[in-house]
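The values are calculated or read from the model by the stated rules, or taken from the named source; none is laboratory data. Keep in mind that this is a model prediction, so the values were computed, not measured. Cβ placement follows ideal geometry from the backbone for every residue including glycine, while neighbour counts extend to all protein chains displayed. Surface accessibility is based on the protein's heavy atoms, side chains included, excluding ligands, DNA and RNA. Shrake-Rupley method; radii C 1.70, N 1.55, O 1.52, S 1.80 Å.
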Amino acid sequence: MTRQLHTTAATSPPFSRQVSRQRRRWTLAACGLLGVGYEVAIVRTISEVLESTVYTFAAVLAVYLLGTATGAALYSRIGRRSDDTSLLNALLVALSTSCLVGVVLMPFSVTLYRYCRESLGDTLGAVLTSEMVTTASVLFLPTFFMGALFSHLLQGLRTAEGGVGQGLGINTLAGALGPAAIGVGGVAIGGLKLALVTTSLANLILVPRVTRRTVA
């Protein structure tokens, strides 16, 4: 019995009891839906600025993956021992804020892209670099917090009996619905700008504990 308790403690994060596992699953599902939906809406918007080639898609995907990986890596180094509820609050608020910042910066992407093209030239490498820099200006910060939030939620599902695979499956399945729900349905109902703003603010609904700091 003692050995079993030690095994569970060694494989479970110290904060796993503060936010229920069921709530983590629902949050993972919502984050998958909102995250991929936001990415699709951003791509539809920024494609009007970039070259809209297969290389453009590769550049956008590279920024998305780089931001997510960077957020996950930083969380792995400094975030795993933080208070569960407080950190979840902070990550959700930061994600919502960064998504809104991306929407605000979108009109300036035209100027940034033109500046990069004029400075770097017309070679394939220059075009790809210009597209990545422009995409990163609006998408890197949101994906950074997406990666940290995803890692935090999965970390809380890790137990001796498993749970990470289930959480990953829930997140992926909900993410598959994002393009249709937000990229098609949301845009058709209210347009790209309203879809982006609504998706950004929807992350705040997932905050587990509303405090004065959260409201501020």
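Here the label points at S119 and L201, each 7 Å from Cα along the C-beta direction, are separated by 3.5 nm in the simple model. Electrostatic bookkeeping for G169 treats Lys and Arg as +1 and Asp and Glu as -1; over the other residues with beta carbon under 14 Å from its beta carbon, the sum is +2. Per-peptide packing, taken as the mean over residues of other Cβ atoms within 10 Å, places 163-170, 92-99 in the sequence 92-99, 163-170 from highest down. Nearest 20 debye, what's the magnitude of the dipole of the stretch 89-216 about its Cα centre given +1 on Lys and Arg Cβ and -1 on Asp and Glu Cβ? That gives the stretch 89-216 a dipole magnitude of about 460 debye. Simple spin-label model, 7 Å along Cα-to-Cβ: S47 to T172 in nm? Those two pseudo-labels are separated by 2.5 nm.
Above 29 Å, the calculated P(r) of the chain contains 30 percent of its Cα-Cα pairs.
Of the trypsin sites (Lys or Arg not before Pro) found in the stretch 45-84, those in coil by DSSP whose Cβ has at most 10 other Cβ atoms within 10 Å are R81. Using a probe of 1.4 Å on the protein chains alone, the accessible area found for Y113 is around 10 Å². The packing ranking of peptides 194-205, 46-57, 130-141, highest mean first, is 130-141, 194-205, 46-57, where packing means the average number of other beta carbon atoms within 10 angstrom of each residue.
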